[in-house]
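Nothing in this text is a laboratory measurement; each read-out follows from the coordinates by a stated rule. Fair warning: this is a prediction, and the values are worked out from it, not measured in the lab. Neighbour counts run over all protein chains shown; Cβ positions are idealised from the backbone, glycine included.
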Amino acid sequence: MTASDLTSQPDVAAVRRAVVDRYAARARAVLESAGVAPSTAACCPPATPTESQPIEFVEALDRAVLAKSGGELHYGSANYDAANDLAGLPESVVGASAGCGNPLAIAELTAGERVLDLGSGGGIDCFLAAQQVGETGAVWGLDMTPEMIDLARHNAAKVGASNVRFRLGEIEDLPFSDASFDLVMSNCVINLSTDKPRVFAEAYRVLASGGRLRVSDMVWTAEPSEATRASLEQWAGCVAGAMLVDDYVAAIRAAGFEDVAAEYAPSDSGLVSASVFARRPV
Ligand SMILES: C[S@@+](CC[C@H](N)C(=O)[O-])C[C@H]1O[C@@H](n2cnc3c(N)ncnc32)[C@H](O)[C@@H]1O
């Protein structure tokens, strides 16, 4: 079945496959351009026709999908201050950046804090957080795509970040104990989940009392077409799975969070990148 055959919302397994395939291809392209063979490459059949393409092609695909926003979105590393945030980070970190915002800009991190990044990709936000929390703090990145974990670990070694760890896993079923973190952040990932209420419930569970949720994510301000909702390609490209912003805020509140807010600039397309704030009550 191809995306164009689908007439309703794709099923969970199909979405998972499309998302992992998309980001495995991206990670492999970055690792290949850095001259590194991903350790998981041998285990997996070719995922998509794009996986052996150079990184420029993979990025162009993502840009094409996000262009549906009317060109009002910033993509990947364009969300950061090049002179301050990105200086000193290797190309395999900056080039892998696939976010739709900059959650560090709203994280209010202090030294010694414990941070979890949901869907950490190549690790850009983890490395920026690690600089802010310092050696007395700790940062964990979680991602369900094995090739992204390979890339992030390669990047951690390159950056020399001793207070960052990456773990394979799903944001709907976090492999961490209750109350383990002061901040849970995420950049353009929760829209990809097929069970967003569970993601918010898990974020709540692993946050300590008073802990912060800070997210950059794609949301809709008006319901998109059924064809958009049905497209696997657009789901994997952070468009089809995005919730209506009011539903997104309501789902976070339903998980138990307080002080919930979503900030965004309106767009003609109705697809926006929001900065989302919430706190686990004390
Ligand atoms: C658009 S990329 C963003 C990566 C990173 N946050 C950044 O800003 O560069 C989405 C990432 O989320 C991961 N991901 C998507 N759904 C996930 C899930 N349900 N559980 C864990 N990781 C997931 C993908 O594997 C991919 O690495």
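Tabulated results
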| quantity | calculated |
| --- | --- |
| Computed over region 191-247: relative contact order in percent, which uses C-alpha pairs under 8 Å that are six or more apart | 44 percent |
| Formal net charge of residues neighbouring residue 105 (Cβ-Cβ distance under 10 Å; K, R +1; D, E -1) | -2 |
| Charge tally in the Cβ shell below 12 Å around residue 208, where Lys, Arg are +1 and Asp, Glu are -1, residue 208 excluded | +2 |
